[in-house]
């Protein structure tokens with residue numbers, strides 16, 4: 001789902017995305033002419049690699065995410081801002097990016113957690 005910046009209003013607008021691998025629900029609204037706020041709950045199934053033993057395992061992502069999208073370069077101190085240069089908010093790309101960011105974090109499988117707990 002893509003929406004042009006100029007079509008987004010300052011009123012909170014609900015959205016739902018349902019894809020094969022994820023579902024998210026949330027709201028978006030325009031904060032200024034070049035800044036949109038998005039907050040949503042992400043529910044997804046993904047495969048991860050244990051950083052300790054290297055085994056591939058499945059995990060459920062169940063996260064609340066809040067971020068901003070800037071139309072062009074963002075000048076400010078906020079670190080949770082995605083800059084776009086096509087004047088559109090691409091929700092599918094944002095959700096995919098959040099899933100990849102989650103996957104790139106440090107993960108330990110249940111077996112290694114049990115060993116660590118001993």
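The values are calculated or read from the model by the stated rules, or taken from the named source; none is laboratory data. These numbers were taken from a predicted model, which means no experiment stands behind them. With ideal geometry, Cβ positions are generated from the backbone for all residues, glycine too; neighbour counts draw on all protein chains shown.
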Subset tally (residues that are touching a helix residue (DSSP H, G or I) at 6+ places or on another chain (Cβ under 9 Å) and at pLDDT below 90) for segment 83-115:
0
The one condition residue 105 fails out of (1) surrounded by 13 or more Cβ atoms within 10 Å (Cβ to Cβ); (2) free of Cβ contacts under 8 Å to residues at least 40 places away in the same chain is (1)
